[in-house]
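Read-outs: derived from the displayed coordinates by stated rules, not from any lab. For clarity, every value in this text was computed on a predicted model and none was experimentally measured. Neighbour counts are summed over all protein chains in view; Cβ atoms, including those assigned to glycine, are modelled from backbone coordinates with ideal geometry.
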Amino acid sequence: MTYIILAIIVVLLIWAIASYNRLVTLVNRAKEAWADIDVQLKRRYDLIPNLVNTVKGYAAHESSAFENVTKARAAAMGATSLADKGQAEATLAGALKSVFAIAEAYPDLKANQNFLSLQSELTDTEDKIQAARRFYNGNVRDLNTSIQAFPGNIIAGAFRFTAMEFFQLDAADAAAKEPVQVKF
């Protein structure tokens, strides 16, 4: 009888350790996935001033659009929570669309190699952000499911694991959910 009780305790202990380690792994994967998003967002932030300066050379009188992009970029870089980050990124995407709309009116600009290169890099970066966002949200989904499902919720509660937020664009700006259009 003592051996049976001891075996049950050992099995429960092994299960608790395995559950804890799985939760730690899921948290670290989600953090790593967020770091991937952060890298792509920083790349995007670095491309934007070059793009604005290139367009500004052709359409200097469109200063309000350039100011909006600059303000949106600053807000996105300064956002701290995931909800604020999502809303700021949606605003930035909308502001970038206005810059591309301005570029449509200037055939010389659309043919400028520097502009074309920046536009291509920005489109590539947008695609990478989307892929990184999907990867992050998938990892957060797995973590949240493990934290909320029985019996993992017992270990999660005991060690104070908390659910993480998904990274979503602001639902109020549906247009920002569409990728930046590159038209020639």
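Things to note:
- Residue tally, condition crowded, with 17+ Cβ neighbours inside 10 Å and either basic (K, R) or touching a residue at least 40 places away in the same chain (Cβ under 8 Å) (or both), over the stretch 57-81: 3
- Among the residues of the stretch 37-53, those identified as surrounded by 17 or more Cβ atoms within 10 Å (Cβ to Cβ) and within 16 Å of the chain's Cα centre (by Cα) are I37, Q40, L41, R44.
- Scanning the stretch 99-137 for residues that are surrounded by fewer than 16 Cβ atoms within 10 Å (Cβ to Cβ), within 15 Å of A59 (Cα to Cα) and small (G, A, S) turns up A101, A105, A111.
- Exactly one residue out of A72, A88, A35, A30 is farther than 30 Å from S146 by Cβ and small (G, A, S), and it is A72.
- Filter result for Y136 (more than 25 Å from F167 (Cβ to Cβ) and of a type outside the set (D, E)): no
- The set of residues in the stretch 31-58 being among the aliphatic types (A, V, I, L, M) and more than 15 Å from Q119 (Cβ to Cβ) consists of A33, A35, I37, V39, L41.
Quick grid of which residues meet (1) of a type outside the set (K, R); (2) under 30 Å from E67 (Cα atoms); (3) in contact (Cβ under 8 Å) with a residue 12 or more places away in the chain:
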| position | (1), (2), (3) |
| --- | --- |
| I8 | yes, no, no |
| L12 | yes, no, no |
| A18 | yes, no, no |
| R22 | no, no, yes |
| K42 | no, yes, no |
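- Per-region count, the stretch 68-86, residues more than 11 Å from the chain's Cα centre (by Cα) and either more than 16 Å from T125 (Cβ to Cβ) or of a type in the set (D, E) (or both): 10
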